[in-house]
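K.L.:
Quick one: the structure is below, questions incoming.
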């Protein structure tokens, strides 16, 4: 009888301890949720305020009153931005960079990732580590040498300095795709050899279709990077007709800020932001799944 009573008492103690832990865990979860919510609001507030400002009148913006609901709502700034040939030219110049870089650079990056992941050759690991080490070199370090090189090649004030280097591949994409290819069994390589496939045929017919999800993810991220690039176009482009979108928005900021026309600047920024936001929200599930499969944190 004493043994039964002891077991009952122990069970009650365990239940009480579990209840205390559960209540503490719930309180902890609530605190974490509140902190994350505050962080999310702090991060998204500038975006919301930028959109709201694009609909405000000059007097509303300069009044110093913080509001997210313009009254009256000014709708003409978006049509005014789109009517400016400079802004449309900036979009087309950016697309002229995007298309060849993503097509050729995506191909060369995936081909290099296949070689590093599935082929065997002397010095592969050392060469890959050397290639990977270039990620740690900031653009500011190579900015001047690149400018001198492209000046001697007579490429400055053209889109070539922004296109040609990207066509040779992206180190970050090579690393990502290499990690993704490690999840694909190497036995498929042997099977393709037995079927008479060359190395390129194995890449093109077997491995490229299998890594299309990861490749698509990296191409979208690369698209966003080129679309939002400001520093490199500012260095290499001088003529207004060659300016990319972000440089055009910079010129808007310099010219229209003097006139206190902040609504037009915000409208241009919102239009420039729409493609990247749409791409991310449409393909965010594929992006997250590809990163998880590749084992990158």
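Derivation of every value follows stated rules applied to the coordinates shown; laboratory data play no part. Note that the coordinates shown come from a computational prediction; the quantities given were computed from them, not determined experimentally. Positions of Cβ are generated from backbone atoms using ideal geometry, with glycine treated the same way; all protein chains shown enter the neighbour counts.
K.L.:
Cut-off 10 angstrom, C-alpha nodes, Gaussian network model of the chain. Which of 194, 219, 278 fluctuates the most?
P.N.:
So, out of 194, 219, 278, the one fluctuating most is 194.
K.L.:
Shifting gears a bit: First obtain the Kirkwood hydrodynamic radius of the stretch 85-137 from its Cα pairs, then insert it into the Stokes-Einstein equation at 20 °C and 1.002 mPa s, and state the resulting D in µm² per second as a whole number.
P.N.:
Estimated diffusion coefficient is 157 µm²/s.
K.L.:
If you take all C-alpha pairs in the chain, what percent of them are over 32 Å apart?
P.N.:
50 percent
K.L.:
To continue, here is another question. Determine the calculated [θ] at 222 nm for the chain from helices alone, applying -39500 (n - 2.57) to every DSSP H run no shorter than 4 residues and normalising by the residue count; nearest 500 deg cm²/dmol.
P.N.:
Using -39500 (n - 2.57) per qualifying helix, the result is -23500 deg cm²/dmol.
K.L.:
Enter the mean projected area of the convex hull around the alpha-carbon atoms of the stretch 164-206, in nm², rounded to one decimal. Walk me through the intermediate numbers first.
P.N.:
On the way: hull surface 14.3 nm².
Convex hull of Cα atoms, orientation-averaged projection: 3.6 nm².
K.L.:
Go through 142-155, 254-267 and give me the packing order, highest mean Cβ count within 10 Å leading. Walk me through the numbers on the way to the answer.
P.N.:
Working: 142-155: 13.1, 254-267: 16.4.
With the highest mean Cβ count within 10 Å placed first, the list reads 254-267, 142-155.
K.L.:
Compare the peptides 132-138, 158-164 by average per-residue count of other Cβ atoms within 10 angstrom and give them in order, highest first.
P.N.:
Sorting 132-138, 158-164 by mean packing, highest first, produces 158-164, 132-138.
K.L.:
May I ask you to order 165-171, 185-191 by the average number of other C-beta atoms within 10 Å around their residues, highest value first? Each step should come with its number before you reach the end.
P.N.:
Numbers: 165-171: 17.9, 185-191: 12.1.
Listed from highest to lowest mean packing, they are 165-171, 185-191.
K.L.:
Can you pull the percent of Cα pairs in the stretch 127-280 with separation above 26 Å?
P.N.:
The share of Cα pairs beyond 26 Å in the stretch 127-280 comes to 47 percent.
K.L.:
Relative contact order of the stretch 200-294: what whole-number percent is it, with Cα pairs under 8 angstrom and at least 6 residues apart?
P.N.:
36 percent
K.L.:
Enter the Cα centre distance for the pair the stretch 16-89 and the stretch 187-265, rounded to the nearest angstrom.
P.N.:
28 Å
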